[in-house]
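What follows is a set of notes on a single structure, which appears directly below.
The values are calculated or read from the model by the stated rules, or taken from the named source; none is laboratory data. Note that the structure is a prediction, hence the values are computed from the model and not measured. Counting neighbours? That spans all protein chains shown, and the Cβs are built from the backbone with ideal geometry, glycine included.
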Amino acid sequence: MSVIEENIKVLREKVAEKAVKTGRNPEEIKIVAVSKTFGVEEIKEALRCGIKIIGENKVQEAERKFFQIEDSFQKHLVGHLQTNKVKKALGIFDMIQSLDSTKLAGEISKRAKESGKVMDVLVEVNTSKEETKFGLSPKEVFDFLKQVSVLEGLKVKGLMTIGLFTPDAEKTRPCFKILKEIFERIKQENIPNLEMEYLSMGMTSDFEVAIEEGSNMVRVGTFIFGEREV
């Protein structure tokens with residue numbers, strides 16, 4: 001058994017444990033293996049071990065790696081997207097998890113319509129209030145969603161957040177509670193052209209807390225692939 005295979009096995013066990021604890025089917029929790037800085041062979045090994053979704057932070061890095069892989073898998077952009085990279089991103093990814101402005105939404109919709117597709121997106125929310133992070137403030141989410149819901153070239157499928165940067169996973173819990181509350185409130189609004197399907201929260205350091213708070217999509221890199229070289 002390879003290191004990656006062993007790591008994925010342990011990860012699945014931990015995800016299942018937390019899912020059962022919250023009364024959910026472990027199969028409901030999607031694992032996005034974030035391959036930032038890791039190579040094609042590591043991605044192929046993760047896919048061989050049953051991973052279905054690979055996440056990348058940068059468009060250019062994803063382009064370089066993904067087109068060397070023949071296996072079928074979902075491709076998610078989990079990092080910040082600049083408007084000048086939208087056209088290229090649409091040709092690579094199945095989902096953009098980092099929609100955070102009306103300008104970006106407009107560009108995604110425009111480019112998607114030009115290519116005859118509808119792009120699945122998650123709206124990124126800054127629940128930790130850290131200035132170094134991208135994302136809408138919790139107060140902006142409802143008005144933002146009403147604005148972008150009318151755009152024909154994209155489909156909002158849920159919300160995403162990055163928890164507070166801290167070695168103490170428990171301190172990230174309030175961030176996840178905030179997003180879960182917003183998620184549930186939006187569901188009740190029945191805004192047209194919105195599907196609150198995914199609540200993407202939790203990474204290597206805090207995915208267990210995130211699942212306890214309702215996450216059904218975790219973005220895990222280090223736990224699967226190991227420590228990244230700085």
Within the stretch 197-214, the count of residues that are under 24 Å from residue 5 (Cβ atoms) and not hydrophobic (A, V, I, L, M, F, W, C) comes to 5
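A quick yes/no check of all residues on (1) under 17 Å from the mean Cα position of the chain (by Cα); (2) closer than 19 Å to residue 192 by Cα; (3) at pLDDT 95 or above; (4) crowded, with 19+ Cβ neighbours inside 10 Å:
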residue: 127; (1), (2), (3), (4): yes, no, yes, yes
residue: 130; (1), (2), (3), (4): no, no, no, no
residue: 137; (1), (2), (3), (4): no, no, yes, no
residue: 146; (1), (2), (3), (4): no, yes, no, no
Going by the structure shown, is residue 91 closer than 21 Å to residue 183 by Cβ, touching an Asp or Glu at 6+ places or on another chain (Cβ under 9 Å), small (Gly, Ala, Ser) and without any contact (Cβ under 8 Å) to a residue 60 or more places away in the chain?
no
Going residue by residue through the stretch 156-176, is there one that turns out to be without any contact (Cβ under 8 Å) to a residue 12 or more places away in the chain and closer than 26 Å to residue 49 by Cα?
no
Just name the residue that is surrounded by the most Cβ atoms within 10 Å (Cβ to Cβ) out of those in the stretch 96-118 that are part of a loop (DSSP other than H, G, I, E, B), within 19 Å of the chain's Cα centre (by Cα) and not hydrophobic (A, V, I, L, M, F, W, C).
100
Matching residues, the stretch 148-177, being of a type outside the set (D, E, K, R) and touching a helix residue (DSSP H, G or I) at 6+ places or on another chain (Cβ under 6 Å):
148, 151, 153, 154, 159, 161, 163, 164, 169, 172, 176
When you check residue 134 against the structure, is it within 22 Å of residue 107 (Cβ to Cβ), in contact (Cβ under 8 Å) with a residue 24 or more places away in the chain and touching a His at 6+ places or on another chain (Cβ under 6 Å), yes or no?
yes
When you check residue 145 against the structure, is it under 19 Å from residue 220 (Cβ atoms), of a type in the set (A, V, I, L, M, F, W, C) and part of a helix (DSSP H, G or I), yes or no?
no
Can you tell me which residues in the stretch 153-207 are of a type outside the set (Lys, Arg), closer than 21 Å to residue 102 by Cβ, surrounded by fewer than 17 Cβ atoms within 10 Å (Cβ to Cβ) and at pLDDT 95 or above?
none
Consider residue 158 against the criteria (1) within 13 Å of the chain's Cα centre (by Cα); (2) closer than 18 Å to residue 89 by Cα; (3) of a type outside the set (Lys, Arg): it satisfies all of them except one. Which criterion is unmet?
(2)
